[in-house]
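Presented below is the structure to which this report refers.
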Amino acid sequence: MPKVVSNSSPLIQLAKIGQLNLLKHFFNEIGVLIRAKDEGKIASLGEILEKLKETGFWISDDLYTKILREGGEL
């Protein structure tokens, strides 16, 4: 049987405190940003993501790239 390795500790912590809905809200917000980019309401997803990171918001490099790709910036 293959070994599955996952860094799920943030998910486990959210589950322990009953806040998995925070993850749902995060992904809903990302979807809103991508839609706004598609509709020309914002110029750059990258700029917004960088501002979020400057405030201490952490996002993996892989997810960052996927968001930019979905928004047509890569």
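Any read-out appearing in this document is the output of simple, stated calculations on the displayed coordinates, not a laboratory observation. All figures in this text were calculated on a predicted structure; none of them were measured in a lab. Counting neighbours? That spans all protein chains shown, and the Cβs are built from the backbone with ideal geometry, glycine included.
Here are some notes:
- ³J(HN,Hα) computed for each position of segment 48-61 - Karplus, 6.51 cos²θ - 1.76 cosθ + 1.60, integer Hz, glycine/proline x: 5, 5, 5, 5, 4, 4, 5, 8, x, 6, 9, 9, 5, 4
- For the peptides 29-37, 46-54, the ranking by packing is 29-37, 46-54, with the highest mean count of neighbouring Cβ atoms within 10 Å listed first.
- Note on K41: aspartates and glutamates with a C-alpha under 15 Å away, same-chain residues under 8 apart excluded, are E29, E73.
- Overall form of segment 19-70 per C-alpha gyration tensor (a/c, 1.5; a/b vs b/c): oblate
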